[in-house]
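Colleague: Mind having a look at this structure? Questions to follow.
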Amino acid sequence: MSLKQEDYIYYLHKTSTDDPAVIEDIFNNGLKSWYGYSMHSTLAPIDTETLQKVGLEQVIMNYLGDSEDYNSVIVVKMPKDYMTAIVHRDGKVNPPVPVWKSNDDGTTSFTPQLIQGIYCKRVNKSFSNPNFSPVYDPTGLKYSDEQINYMWSGQLENWVSFAKSRTNLNYQTLCRTDNQNQNWTRLIQHYSNKFGVSPITTTVYSMPEADVELLNSVRNSGKKI
């Protein structure tokens, strides 16, 4: 199966920045948050009916509004399968796919692989994230509060315990544990086969010079184009 728009959950995050260096950091390292592992504290979900009715571009414009407090909107695009656990007839479970990295400074970062891009209002241009990949390796990552709640509601106590066992471990420790136990090999292969998408090799994104100059010219002048 190939993924269609209705196979995704979309989230938006508005920000006051359109700094090229910040955009590069988001595309390379993810969206940083001070709100722990709660997706809804950082990201606003888009109603599916509204998305289908008016389209993503109009949803973004409505979300930004006329306020001068925010200049940009980050678009997150996440397969619906990654939010809830899927239980097969044979009892095997495809759990949600972790999305948060814990940082040494006490913040968390939402994985860059599910960040589709960013729209910058002052230049009226969208920038695509080359590291976006609907199938990715979640080694070292943790579950969101919302994903754990879905596990609870599905009475998947073993997976809840697994998710919670990761809570107080740092990124480096989780990477070692995941690699030693090959925790995600089967899941990555399953979704790669299901979606017809292979995980990409993450690259260090550097914004093209023309785009850097465009954003800096508007930021320095304080005007829109």
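Colleague: Would you kindly calculate the translational diffusion coefficient of segment 1-77, applying Stokes-Einstein with the Kirkwood radius from alpha carbon pairs, for 4 °C and a viscosity of 1.567 mPa s, and quote it in µm² s⁻¹ without decimals?
Modeller: Stokes-Einstein gives a translational diffusion coefficient of 94 µm²/s.
Colleague: Moving to a separate point now. In segment 74-203, how many lysine pairs have Cα atoms under 30 Å apart, counting only pairs 8 or more places apart or on different chains?
Modeller: Lysine pairs, 8 or more places apart or on different chains, close enough: 26.
Colleague: For residue 2 and residue 62, FRET efficiency with R0 = 30 Å and r from the beta-carbon atoms, rounded to 0.05?
Modeller: Computed FRET efficiency for residue 62 and residue 2 comes out at 0.55.
Colleague: Just want the answer: with Cβ charges of +1 for Lys and Arg and -1 for Asp and Glu, which residue in 128, 23, 72 is farthest toward the dipole's positive end in segment 1-151?
Modeller: Among 128, 23, 72, the one farthest towards the positive end of the dipole of segment 1-151 is 128.
Colleague: By how many nm would the segment from residue 165 to residue 200 grow when fully extended, if each residue of separation counts as 0.36 nm and the alpha-carbon distance is taken off?
Modeller: 9.8 nm
Colleague: Hey, another quick one. Counting residues in segment 84-170 as N, plug N into 2.2 N^0.38 Å and put the Cα Rg over that result.
Modeller: This ratio for segment 84-170 stands at 1.33.
Colleague: Still on this model: Of the accessible area of segment 87-129, with the probe set at 1.4 angstrom, what percent is carbon plus sulfur?
Modeller: The computed percentage sits at 41.
Colleague: Between the DSSP loop rule and a limit of at most 16 other Cβ atoms within 10 Å, which GluC sites (Glu not before Pro) in segment 1-81 are left?
Modeller: Here the GluC sites (Glu not before Pro) that fit, given the DSSP loop and packing criteria, are 68.
Colleague: Hey, another quick one. If you stretched the chain out fully between residue 193 and residue 152, how much longer would it get, using 0.36 nm times the residue separation minus the C-alpha to C-alpha distance?
Modeller: 12.0 nm
Colleague: Another one. Stokes-Einstein at 37 °C, 0.692 mPa s, Kirkwood radius from Cα pairs: D for the chain in µm² s⁻¹?
Modeller: For the chosen part, D equals 176 µm²/s.
Colleague: If amide H atoms are built 1.01 Å from N in the plane of the peptide, which residues on other chains or at least 5 residues away come under 5 Å of the amide H of residue 8?
Modeller: 80
Colleague: Per q in 0.12, 0.16, 0.22 1/Å, what log10 I(q)/I(0) does a Debye calculation on the alpha-carbon atoms of segment 13-134 return?
Modeller: These q points yield log10 I(q)/I(0) values of -0.49, -0.84, -1.41.
Colleague: Still on this structure: What accessible area per residue comes out for the chain, rounded to a whole number of Å², with a 1.4 Å probe?
Modeller: Computed with neighbouring chains in place, this is 52 Å² per residue.
Colleague: Which angle from 0 to 90°, rounded to the nearest 10, does the C-alpha axis of helix 185-195 make with the longest principal axis of the chain?
Modeller: 60
Colleague: Given the DSSP H assignment, sum -39500 (n - 2.57) over each helix run of at least 4 residues in the chain and divide by its residue total; what's the result at 222 nm in deg cm²/dmol, nearest 500?
Modeller: -10500 deg cm²/dmol
Colleague: What percent does the relative contact order of the chain come to when contacts are Cα pairs within less than 8 Å and at least six residues apart?
Modeller: 25
Colleague: Given that compact globular proteins tend to follow 2.2 N^0.38 Å, what is the ratio of the alpha-carbon Rg of segment 109-225 to that value?
Modeller: Cα-based Rg divided by the globular estimate yields 1.41.
The values are calculated or read from the model by the stated rules, or taken from the named source; none is laboratory data. Just so it is clear, the structure is predicted and the values come from calculations on it, not from any experiment. Neighbour counts are summed over all protein chains in view; Cβ atoms, including those assigned to glycine, are modelled from backbone coordinates with ideal geometry. Accessible surface is based on the protein model in full, side chains and every heavy atom, while ligands, DNA and RNA are left aside. Shrake-Rupley method; radii C 1.70, N 1.55, O 1.52, S 1.80 Å.
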